[in-house]
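Structure first, then comments.
The values are calculated or read from the model by the stated rules, or taken from the named source; none is laboratory data. Source: prediction; values computed, not measured. Here the Cβ positions follow ideal geometry from the backbone for every residue, glycine too, while neighbour counts run over all protein chains shown. Ligands, DNA and RNA are stripped out before the accessible areas are found, and what is left, the full protein with its side chains, is counted by its heavy atoms. Shrake-Rupley method; radii C 1.70, N 1.55, O 1.52, S 1.80 Å.
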Amino acid sequence: MTETRVPSRTFPRARQDAESAKGNISTPQTENPAYKLAFQDMDFLLREDLRPVRFQLELLKTELLLEEAHIGSTFVVYGSARIPEPAKAQAMLDMADPEHRHIAERLVAKSKYYDMARELARLASNFPRDEQGKRHFVVCSGGGPSIMEAANRGAADVHAESIGLNIVLPHEQAPNPYVTPSLSMQFHYFALRKMHFLLRARALAAFPGGFGTFDELFELLTLIQTGKVAPIPVLLFGREFWEKVVNFEALVEEGVIAERDLGIFTYVESAAEGWAVVQKFYQERAERDPQPPA
């Protein structure tokens, strides 16, 4: 007797219908935009009232790609898009006019953070997979140049994949060449990009940076302060820079944050020190809350 097999589906797949919809029939009806399949109609998808759908698509696409890549957690790196590697920083100084020489000199001084971010990424990228084959502390940057490039470059140094979460900006830009192509994503909405930075983050390093770095960093500090997310290691590289540009102690003195809030982050001065802080954090957590036996 022949075995009865129940088909897995009876409706055609969306891809099949999408191909069929490209048919050669041309009538006033088929040529009108109303006849397009909704998911192939860009004018429809870009309507103002379709914003909630676009939100969902930006959330879902990246989530699926990261899940399919077996990425269990990330090590997020924030930092300036204007701090070049040491050799390029020196070249900028050599070419600087007198009026801007002092800025070039400051960038040369901070160019050490490029090498530091690169080394930190190398250390994190060597973390082994877990029993389910998930990868952890996968380097994740904003996908741009300078400190972001250094992070992705460090992962590439040890032949590890890394993530780049880029954003559409008015001026043309491209992902840095060290981002893994299949993990290079582009966002329209800052909100969804921010969410994906933190959904899998299990450690975060903030190097000297400007408005963008401050924006992303202070959002996480607020989420941890208010208990919206569990604490993770937050590393501020370069105590001298951070204490110069942000007077955290004054915020305590003014009563707008608590003394304990200063414990949300840790100042570090080297990649090895930063990675040691992350390891110690999770070792102590495991001792406090050991995983139950499988």
| said: Report every pair of residues separated by at least 6 positions or lying on different chains whose Cβ atoms are under 6 Å apart, first residue within the stretch 270-287 and farther than 12 Å from residue 117 by Cα, second not in a helix (DSSP H, G or I). | reply: 277/233; 277/266; 278/203; 278/233; 281/233
| message | Let me spell it out: the conditions are (1) in a loop (DSSP other than H, G, I, E, B); (2) modelled with pLDDT of 95 or more; (3) open to solvent by 40 Å² or more (accessible area, probe 1.4 Å), and residue 173 meets all of them except one. Which number is the exception? | response | (2)
| task | Scan the helices (runs of 4 or more DSSP H) fully inside the stretch 1-75 and keep the ones with 2 or more residues being of a type in the set (A, V, I, L, M) and without any contact (Cβ under 8 Å) to a residue 60 or more places away in the chain. | result | 14-20, 42-45, 51-68
| query | Does residue 164 satisfy the criteria of being open to solvent by less than 10 Å² (accessible area, probe 1.4 Å) and more than 21 Å from residue 112 (Cβ to Cβ)? | reply | yes
| query | In the stretch 218-235, which residues are in a loop (DSSP other than H, G, I, E, B) and open to solvent by 50 Å² or more (accessible area, probe 1.4 Å)? | reply | 226, 227, 228, 229, 230, 231
| task | Report, ordered by the first and then the second residue, all pairs with beta carbons closer than 9 Å, sequence separation of six or more or different chains, a first member in the stretch 246-259 that is small (Gly, Ala, Ser), and a second member that is surrounded by 11 or more Cβ atoms within 10 Å (Cβ to Cβ). | result | 258/225; 258/252
| note | Here the residues within the stretch 236-265 that are open to solvent by 30 Å² or more (accessible area, probe 1.4 Å) and closer than 22 Å to residue 83 by Cα are 239, 240, 241, 243, 244, 245
| Quick check: anything in the stretch 190-203 in contact with an Asp or Glu (Cβ under 6 Å, 6 or more places away or on another chain), in contact (Cβ under 8 Å) with a residue 24 or more places away in the chain and open to solvent by less than 30 Å² (accessible area, probe 1.4 Å)? | yes
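Rundown of residues vs (1) open to solvent by less than 100 Å² (accessible area, probe 1.4 Å); (2) under 28 Å from residue 185 (Cα atoms); (3) of a type in the set (Val, Ile, Thr); (4) touching a Pro at 6+ places or on another chain (Cβ under 8 Å), yes/no style:
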site	(1), (2), (3), (4)
6	no, no, yes, no
59	yes, yes, no, no
72	yes, yes, no, no
75	yes, yes, no, no
109	yes, no, no, no
| message | Yes or no: the stretch 115-126 includes at least one residue that is in contact with a strand residue (DSSP E or B) (Cβ under 7 Å, 6 or more places away or on another chain) and either open to solvent by 40 Å² or more (accessible area, probe 1.4 Å) or more than 14 Å from residue 272 (Cα to Cα) (or both). | response | no
